[in-house]
Amino acid sequence: MTTAVKRRTPTLTAGAVLVGLVVLVALVSFIWTPHDPTRVDAAVRLLGPTGDFLFGTDKFGRDLVSQIMVGARTTLYVGVVAVGVAALIGTPLGILAAMSPRWLGEFIMRVNDLVLAFPALLLAIMFGAVFGASTWTAMVAIGIATVPSFARIARSGTMQVMSTEYVLAARAAGRSRLVIARRHVLPNIAGLLIVQSSVSFAIAVLAEAALSFLGFGTRPPTPSWGRMLQESQELLAVQPRLAIVPGIAIAVAVLGFNLLGDGLRDRLDPRLAGRR
Amino acid sequence: MIEVRDLRRTYRGRLGRPAVDALRGVSFDVAAGQRFGIVGESGSGKSTLVRLLAALDTPTGGTISFRGTRIDGVPERRLKFLRDELQIVFQDPMGSLDPRMRVRDIICEPLKRRDDERLAELLDAVGLPLDAASRYPHQFSGGQRQRISIARALAPDPKVLIADEPVSALDVSVRAQILNLLADLVERYELTLVFVSHDLSVVRHVCDTVAVMRRGEIVELGDVEQVYQQPLHEYTRELIAAAPTLRAALARFQEG
Ligand SMILES: Nc1ncnc2c1ncn2[C@@H]1O[C@H](COP(=O)(O)OP(=O)(O)O)[C@@H](O)[C@H]1O
Ligand SMILES: [Mg+2]
């Protein structure tokens, strides 16, 4: 890990470019979009690609490019919050499981497995049913469903760090567990957590799209790639463009974060290269 | 200084592996100012003993006292006196230094605060330049890393220094430097030394007393010269017989 020479990592570069593209589009959408993405205009409904509407318009006459641009914001927003929730709960839980007495660690991990076994989408749908479907409930539900993967990676990383001689030395220096967790464990598992974040981000993006598609995610009129897909359904045979455009956007984001995660994994620890 | 009585440590077998009796009733005393060597082949239980002496592990039987106070099975909050008085230098010069920490923070770890004056003193004592402080462990050679490890151990001004195979992982060419440094520091700071090695000739170089360990037991204990010249136990003779091969190899290497 420490002898990391700068290697050429095409996956990392490709992932960074795709993710960078999504982020850039989202940022630009704050200051400029070709049209108002929510403006309904019957006069221009279901237009094919033209100079004015690059990817055409949907059945309400809304500009597809503008919707994709603002939808990128929703996607990133969901990813950041979901991964943030998962990392903030999962990481301390995993560290705690690794550093506490065996029985407590085992207990935490069994509960963890239980959550992991629960389908994320079902959890999100239940959340939506109870608290009302919104981007917010979708994000939190996806986040909670992602907690176990963080807890697992944090636990195995912590166990590895705890078995090192530098932790023995810290203990011989009279450092408490809490201080060891903060000073030694966290910095040494940070790389693992970053990789996990990237991979989880991809899953969260996909989950949000699926939820919005099912009507349990982002509510109209806020543009969301998943809902664009859903709305394209009835016209799939005649206007496949309406499904292809958001489909590609989702694919680009998911692929980007997956490649970024894999690339980072290889960069941070060549021994783990190629492993899932 | 240290009293060890009938010390036992059995590692529970996990996942189908059998339990390991790493220590089977070890007793000895280390007097203040003594340079006590522990020698034995790999797997004889030396590191297990070291961890117990530093109260980093709990024995399955027997007792350890440090200056008359029991330290086995004692909760961490009552070991503060030990943490300041007893320090360890480990075998692996890479694994014993946190790769994410600067040398400054590594050395000051036992002090629990940053103390630039003390840091400068320690760097000087182990023969490292001042600018080493802001660098990371991987930027140093094995021998230099072991110097960092020694500086960290000396930071709280301990009375007892335990060195667990401190030169075994080093290039033969730098071993003598680190051994001499340790010997000098032990003398200068009037430390009690517990020195672990698998090589009796190395122990002879720095210690006055030696305990020979084999499969978790002490088979011979006494004055290091005496044990070296007139070994009583067959196992000790084997150890001595094994050591010269290294010497001979060195001699050949030096001749050309
Ligand atoms: N944490 C552990 N769990 C299980 N077995 C261990 C553990 N540490 C050491 N052992 C076993 O105890 C024996 C003594 O090991 P150790 O004290 O490291 O010997 P040495 O330092 O003399 O090489 C070995 O057989 C080793 O495999
Ligand atoms: Mg050992």
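Scanning segment A:120-168 for residues that are among the β-branched types (Val, Ile, Thr) and under 26 Å from B:Lys112 (Cα atoms), which turns out farthest from the other protein chains (Cβ to nearest Cβ)? Residue satisfying both the conditions and the ranking: A:Thr158.
So in segment B:117-155, with the set limited to residues that are open to solvent by 60 Å² or more (accessible area, probe 1.4 Å) and closer than 21 Å to A:His184 by Cα, which one is nearest to the other protein chains (Cβ to nearest Cβ)? Taking the candidates together, the pick is B:His138.
For segment B:103-126, a residue qualifies if it is modelled with pLDDT of 95 or more and outside any helix (DSSP H, G or I), and exactly one does: B:Val126. Note on segment B:65-108: residues that are small (Gly, Ala, Ser) and farther than 24 Å from B:Ala125 by Cβ total 3. Where residues in segment B:32-58 are more than 16 Å from ligand 2 (Cβ to nearest atom) and within 14 Å of chain A (Cβ to nearest Cβ), which of them is farthest from the chain's Cα centre (by Cα)? Checking each candidate, the answer is B:Thr58. The residues in segment B:88-104 that are more than 7 Å from chain A (Cβ to nearest Cβ) and surrounded by fewer than 24 Cβ atoms within 10 Å (Cβ to Cβ) can be counted, and the count is 5. For the residues B:Pro110, B:Pro158, the requirement of being open to solvent by less than 40 Å² (accessible area, probe 1.4 Å), more than 16 Å from ligand 1 (Cβ to nearest atom) and facing another protein chain (nearest Cβ under 9 Å) singles out B:Pro110. Within segment A:169-197, residues that are without any contact (Cβ under 8 Å) to a residue 24 or more places away in the chain and more than 8 Å from chain B (Cβ to nearest Cβ) reach no partner that is buried (at least 22 other Cβ atoms within 10 Å of the Cβ) and among the basic types (Lys, Arg) with beta carbons closer than 6 Å at six or more positions or on different chains. Residues that are near ligand 1 (Cβ under 10 Å from one of its atoms) and within 14 Å of another protein chain (Cβ to nearest Cβ) within segment B:1-26 comprise B:Tyr11, B:Arg12, B:Arg14, listed in sequence order. Looking only at segment B:59-69, residues that are under 22 Å from B:Arg24 (Cα atoms) and either in a strand (DSSP E or B) or within 14 Å of ligand 2 (Cβ to nearest atom) (or both) come to 6 in all.
Listed here are the residues, each with its yes/no results for (1) open to solvent by less than 60 Å² (accessible area, probe 1.4 Å); (2) among the charged types (D, E, K, R); (3) modelled with pLDDT of 85 or more.
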{"residue": "A:Thr13", "(1), (2), (3)": "no, no, yes"}
{"residue": "A:Gly20", "(1), (2), (3)": "yes, no, yes"}
{"residue": "A:Val25", "(1), (2), (3)": "yes, no, yes"}
{"residue": "A:Val28", "(1), (2), (3)": "yes, no, yes"}
{"residue": "A:Gly51", "(1), (2), (3)": "no, no, no"}
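The set of residues in segment B:70-87 that are facing another protein chain (nearest Cβ under 10 Å), outside any helix (DSSP H, G or I) and at pLDDT below 95 contains only B:Leu79.
Against the conditions (1) within 14 Å of chain A (Cβ to nearest Cβ); (2) open to solvent by 10 Å² or more (accessible area, probe 1.4 Å); (3) not polar (S, T, N, Q), B:Asp29 satisfies every one except (1).
The values are calculated or read from the model by the stated rules, or taken from the named source; none is laboratory data. Since the structure is predicted, the reported quantities are computational estimates derived from the model, not experimental observations. Every residue, glycine among them, receives a Cβ derived from its backbone with ideal geometry; neighbour counts consider all protein chains shown. Protein only, heavy atoms only, side chains kept; ligands, DNA and RNA dropped before computing areas. Shrake-Rupley method; radii C 1.70, N 1.55, O 1.52, S 1.80 Å.
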